[in-house]
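Below: one structure, written as structure tokens.
The values are calculated or read from the model by the stated rules, or taken from the named source; none is laboratory data. Computed from a predicted model, the values in this text were never measured in an experiment. A quick note on method: Cβ atoms are made from the backbone with ideal geometry, for glycine too, and the neighbour counts reach across all protein chains shown.
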Amino acid sequence: MSNTLRLARLLGLALFAAASSAALWGADGPFSGRPATLHEAFQQALARAPEQTAQTARKAEVAAFAARARGLLSGPPAVGGLYRSDSAGGDGVQEIELGLELPLWRPGERAAERQAADRRAEGLDRTRQALGLRVAGQVREAVWEAAYRQSEVQLAGRELETARALERDVGRRVDAGELAESDRLLAREEALRRETALIQAQAEAAQAMLRYQTLTGFGELPADAAETRSPLTELAPGHPLLSAADATMETARAGLRVAERAAGGSPQLSIGGKRERGGRGEDYDNSLQLAVRVPFDLGPAAKPAVASAGRELAEAQAERLKVERQLGAELAGAAEELASLERRLGLAREQGRIAAENLRLARRAFDLGESDLSTLQRVQALAFAAERASAQTETLRRRAVARYNQAAGVLP
């Protein structure tokens, strides 16, 4: 065995061992179980998604805005007090005032706040749906990446078995004097190459499984991950990501209406009492006070808040258009990818059939002594490549179906 092949085998074994160990044990403990369907894997991944923490915080935020919109006051009340005397010792005139300041709603402001709270609640639901679709995309990619790598392991294993069988056959014929010793070395070298390829494929498969396991918590791939292509041929208005963008835009529009209604500040109603006397020994005079303060919107002071709300609406509208264009492009691209793979799959299967027949004929010629080992190995390599192309294309086609459904906004 050459030093290069020996080193490759050692590195491959080390990678495989490390990745396999990590695939069995993660930060949350061992992964176990097999989901019956892709939907089950998706549901568990969604429950484990770190974004769920942010969803909880958004829910509390929406509840706070709804509570504010239901309130009788536009803001928190305040208590104020005043003490006045013309003598440091308190022998002269004394005046004490206490009051409660109540911020009031401007006309139409409370209704605008309620509408904004409703839009935020709708946005929260649509955000959950968008999160679900994003997690679904992650699960789909992880599942088919792992399936692709596992297929590579199976192919590499069969190729190694074929190479070892040929190595044993060549060894017998060399011992019988039918072939030269150099043929034994060629067969051994080919078997070592296939063994190295298998070890590398196993390491890559273990790493792909680790990504899937970390995402879903399951130790194995779904029993049935294949999907049926969605009948949708164009972007639907109810697409979760588009719907979430619509909700963001509507929330921003409601926020602009709130800013316009609240421009200039809130009116204040003050309720209080006044207690005063002319000097020491005199009786106090008590009185009730009511005061109203109405701020005027003179323009510049209120413009920044309205302008900021207008900017947020413009950005939300631009983002919505961007999302629509991006989703449309993704759907068209997914349709083209799927159509291309379906055409390629037929060709790959035909090439595989032809390569298998050529290998059968080449093996027969080698057994009869009509061809040398190098020729057989070249034909065998072509047959391996054709079989690999057919299996890979089939896996990629199934992944393309999943990607099309993802682009169409369909959950598993």
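List every residue pair whose Cβ atoms sit under 8 Å apart, with the two residues 6 or more apart in sequence or on different chains, where the first one lies in the range 286-307 and is modelled with pLDDT of 75 or more and the second, anywhere, is of a type in the set (Gly, Ala, Ser) and in a helix (DSSP H, G or I).
The qualifying pairs are Ala305/Ala259; Val306/Ala259.
I want to confirm something. Restricting to the range 357-378 and keeping residues that are among the aliphatic types (A, V, I, L, M) and exposed (fewer than 13 other Cβ atoms within 10 Å of the Cβ), which single residue is nearest to Ala180 (Cα to Cα)?
Leu368
Residue-wise test of (1) without any contact (Cβ under 8 Å) to a residue 60 or more places away in the chain; (2) surrounded by fewer than 17 Cβ atoms within 10 Å (Cβ to Cβ); (3) among the charged types (D, E, K, R); (4) assigned to a helix (DSSP H, G or I).
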residue	(1), (2), (3), (4)
Leu133	no, no, no, yes
Ala165	yes, yes, no, yes
Glu178	no, yes, yes, no
Leu186	no, no, no, yes
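Within the range 77-92, is even one residue surrounded by 17 or more Cβ atoms within 10 Å (Cβ to Cβ) and not in a helix (DSSP H, G or I)?
No.
So the check is Cβ under 6 Å with 6+ separation or different chains; which pairs have a first residue in the range 236-255 that's within 9 Å of Arg119 (Cα to Cα) and a second one that's of a type in the set (S, T, N, Q)?
Cβ pairs passing all conditions: Ala254/Gln115.
Working carefully through the options Leu215, Leu232, find the one that is surrounded by fewer than 18 Cβ atoms within 10 Å (Cβ to Cβ) and among the hydrophobic types (A, V, I, L, M, F, W, C).
Leu232
Only one of (1) modelled with pLDDT under 95; (2) in contact with a Lys or Arg (Cβ under 8 Å, 6 or more places away or on another chain) fails for Val258. Which number is that?
(2) is the only condition that Val258 fails.
Let me spell it out: the conditions are (1) in contact with a Lys or Arg (Cβ under 9 Å, 6 or more places away or on another chain); (2) part of a helix (DSSP H, G or I), and Glu370 meets all of them except one. Which number is the exception?
In the conditions (1) in contact with a Lys or Arg (Cβ under 9 Å, 6 or more places away or on another chain); (2) part of a helix (DSSP H, G or I), Glu370 misses (2) alone.
Filter the range 54-106 down to residues that are out of contact with any helix residue (DSSP H, G or I) (no Cβ under 8 Å at 6 or more places or on another chain) and of a type in the set (D, E, K, R) and give me whichever is modelled with the lowest pLDDT.
Only one residue fits best here, namely Asp91.
Listed residues Ala252, Ala244, Ala236, Ala201; which is out of contact with any His (no Cβ under 8 Å at 6 or more places or on another chain) and over 30 Å from Ala309 (Cα atoms)?
Being out of contact with any His (no Cβ under 8 Å at 6 or more places or on another chain) and over 30 Å from Ala309 (Cα atoms) holds for just one of Ala252, Ala244, Ala236, Ala201, which is Ala201.
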